[in-house]
Amino acid sequence: MEEMNGELFGDGLVSLGDEGSLESPDNGKQEQNCNICDNKLCSPRVLSCLHVFCEACIDKLMVNEAGDSLKYDLAVECPMCKQETKVPGGGAASLPSDYVLTNILDVSAMDQSVVCTCCKSKEPAVARCTDCSHFLCANCNSAHQFMRCFENHRVVPFDALRSSKDHSAVHKPIFCSRHVGESLKFYCCECEVGACSECLTVEHKVGEHRCERIVDAEPALRAELRALISEGSTRAAAAGSASARLDDALGDLQRQRDDAEAQINEAFHAYKAAIERRREKALEDLERLHKDRELKVMDLFDRVDKTVQRIDCACKFAARLLRRGDGTEIVMLKKTVASQFARLLEGPSEFDVNYSVEFVTKVDKFDAITEETFGSFRTEATRAEEKKRASESSAIVSMASNSHSPAVSVSSAPVFDDPFPLGNVRRVTGMGSVALSGGMGTVNSVPVLPSMVEYNLQQLASIAEKEVPPPPHASPAPSFTLAELLAGDLNSPQAFNNLQALAKLGLNTEVNGYGGVGGVGGMGGVGPRGVSPGRPLLTAAEEAALVAPPVPLVRATKATPMHIRFKFGQLGGGKGQFNSPHGFCLGNDEDIIVADTNNHRITVFDKSGNHKFNFGVAGKEEGQLWYPRKVAVVRATGKFVVCDRGNERSRMQIFTKNGHFLKKIAVRFIDIVAGLAVTAEGLIVAVDSVTPTVFILSEEGDLMSWFDCSECMREPSDIAISGKEFYVCDFKGHCVVVFNDEGRFLRRIGCENVTNFPNGIDVSDAGDVLIGDSHGNKFHVAVFSRDGVLVTEFECPYVKVSRCCGLKITSEGYIVTLAKNNHHVLVLNTLYIV
């Protein structure tokens, strides 16, 4: 038996030697406590991930929801590493026992009040029998010395056991589970299990199985465990270095993104105003490419961390087994340890990082080359595709320009394959990379202008310059110039009137009800639904980006005044005071919960405005708050979801309903949270205002889904959820954009001059959509039906407000909003009962 590399004392384990380097004295103390019940381990059992818990605690993990039976023959999830362990029909008692830790617990108990376990006297124990594993009082100690039935039993006094360096006395004999009273003395090399003398005549017959004495097999088993530890340590070291490379990769990716953005802006200045839309589209594609790779790197970052943790746990367990276990104990646990290492070490490591984003432009060749003008994104997935494309011939379309309007040479294709291409678009499977090229852009040899509307205007311009005879019975055409037609906003009333005038010329021009232009001649029409006969031209998002609100707005002559029911709060850091609060929500009892941003806290008031309590301490550590911006409540549990800055731009934390910290959720993929909500199912929904994107997360922090909404809006400012529909305020777009839960665009609600700079939204139980804004220093509410029909408008003329944040409806129909720059909460009178 090898000498142990550590010393046992009453206060825990002191680790020495190479095999003990993975374990510290503090860890020895902590290992004696169960991480589920926080008490001393009782009947410690080992899961397949090598975490150890009480037998009773593992059984509780398998109790079904009704609480009346155990789910045996199923898998139990480790509460620490989330790895699953299959539990046989016997429940936790059928799992391997942690023999080494049991011995450590026995030795640790020597300095405590240990009573005799051999008799019923409850007298203090003074010694321990290594054969029957009993603690002995003075009388039982004498009996072991003189009674024949205890002959040859080895009794070790506590003092000798503490002072001795040979701790083989603490190892309990392990008996065969099949043959009562028989201790395990042999090791079956084929089955990799311990065996007793009886087993050699039944299950492990000599000749059929190769069996060795445990003392003979022990050196080889120890060498095998050492090899596993060495291999695991090597893999952990590789993973650790990969984690550093991943961190560097995020920085490099950000720098490449910044360099590419600079190149995009530099290329943009070389173009005329007609290709401004190209620049914006290129930047959007860059954000998508960057975001896609950033999420992949962060996902790999998370998987690497978990791998390191599991390998570290396995190495610590195996090291402790080598240091504290005897041969029999190693026999009993070796197979479990080896199975975990095999699971962790199988397959090649996936720690390499090979993501890049680069924008390439050729401004100097703009006049001569139209195939590659604005530039193209080059990623790791497109390099091989570029070599393949280099051998293929591509059509070249000539383009000339003058000071008034570009002249376009049209190839034979009758309609466009894509109405809004950014150039020749190559979609590469796997990474979803996009390469951009072309002057004004070509798709299947067809020239494409920055938008279908501009292209139609150019076609109309070329026709308008010719003399076109009016059709029979046509009224005289109105007088206007091409400059008047092309000037100003395409969605302005003047442009709409001009397009109607063009329609009267009989030029086969459709004018839709939204301010857009239909097709001309054989170029394919864009009608009210944005499609040409038999072939779609516009997706819903693209059509929405071009057209005005689909439902006409009929405004009242004057908004109905709203009276202030009460308001509370003022600038300061005391009780009931605020300092630039950025967000609020309503709790389960309609408490008003305010994210008091510059005071670094969350403040809770009842629905009458009476202060209840604060929570949060200024700081960037977990459980502290650093400039909290948004807060939401999980209805089922009353937990608070808080978004603040932390050490990064955004951080999300979960607190109990009393304000106690529970966990942090990593949201490094979000820049600035502009809106926060919780669905009826308990999913957390956050919208990013920098790159308009909606993220849906579980309460455990898993990213369930996300969708990009940058094509449909400019700057999100708030979000509300009704059923399976997401209502997102577009602050700079002066409207609300509605998506379904899969991210598909549904409709727009509101428009400029009705919903100017909206910054708050809520949906009543009846389905009415209330949109709030503080444009003009007055809080204004526009009420729409779910379909986007304007119902009525309200306004509060009695108080000047600046930058109101959020809007909520109480059960009594009161309207609540937060005036950030005024540092107070407004509760306005009843509009209607929902």
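FYI, it's all coordinate maths here, none of it is from the lab. Every value quoted in this text rests on a predicted model; they were computed, and no experiment measured them. Heads up, the Cβs are rebuilt from the backbone with ideal geometry, glycines too, and the neighbour counts pull from every protein chain shown.
Odds and ends about this structure:
- Projecting the Cα atoms of Phe695, Val737, Ile719 onto the dipole axis of the range 688-751, where Lys and Arg carry +1 and Asp and Glu carry -1 at the beta carbon, places Val737 farthest toward the positive end.
- Theoretical gain in end-to-end length, Asp671 to Lys40 [0.36 nm per residue, Cα-Cα removed]: 222.7 nm
- Whether the range 117-163 is rounded, prolate or oblate, judged on the alpha carbon gyration tensor where a/c under 1.5 counts as rounded: oblate
- Qualifying trypsin sites (Lys or Arg not before Pro) in the range 787-828, where qualification requires a DSSP coil assignment and no more than 14 other C-beta atoms within 10 Å, comprise Lys800.
- Peptide packing: for 315-323, 667-675, 584-592, 249-257, the average count of neighbouring Cβ atoms within 10 Å per residue gives the ranking 315-323, 667-675, 584-592, 249-257, highest mean first.
- The length gained by stretching the chain between Ala244 and Ala160 to full extension, at 0.36 nm per residue less their Cα-Cα distance, is 25.3 nm.
- Distance between the 7 Å Cα→Cβ label points at Ser722 and Asn139: 8.2 nm.
- The residues Asp741, Asp326, Asp718, Asp765, when put in order of fewest to most other Cβ atoms within 10 Å, stand as Asp765, Asp741, Asp326, Asp718.
- Cross-link table Lys82/Lys724; Lys664/Lys732; Lys185/Lys335; Lys86/Lys205, entries beyond 21 Å C-alpha to C-alpha: Lys82/Lys724; Lys664/Lys732; Lys86/Lys205
- For Cys729, Cys643, Cys149, Cys132, order by how many other beta-carbon atoms lie within 10 Å, fewest first: Cys149, Cys132, Cys643, Cys729
- Around Arg178: net Lys/Arg minus Asp/Glu count, Cβ-Cβ under 9 Å: -3
- Oblate is the label for the range 560-828, because a/c, from the alpha-carbon gyration tensor with a ≥ b ≥ c as root eigenvalues, is 1.5 or above and a/b does not exceed b/c.
- Highest-first arrangement of 279-288, 224-233, where packing means the average Cβ count within 10 Å: 279-288, 224-233
- On full extension, the segment bounded by Ser705 and Asn614 gains 29.5 nm, given 0.36 nm per residue less the C-alpha separation.
- Amide hydrogen proximity for Cys735: with H placed 1.01 Å from N in the peptide plane, the residues at 5 or more positions away or on another chain lying under 5 Å are Asp730.
- Cα gyration tensor shape of the range 631-735, rounded if a/c is under 1.5, else prolate or oblate by comparing a/b with b/c: prolate
- Since only Cys751, Ala618, Thr817 are under comparison, the one whose Cα sits farthest along the positive direction of the charge dipole of the range 560-828, derived from C-beta charges on Lys, Arg, Asp and Glu, is Ala618.
- Sorted by Cβ density within 10 Å, fewest first, the residues Ser183, Ser717, Ser705, Ser97: Ser705, Ser183, Ser97, Ser717
- Between the alpha-carbon centres of the range 171-227 and the range 283-297 there is a gap of 57 Å.
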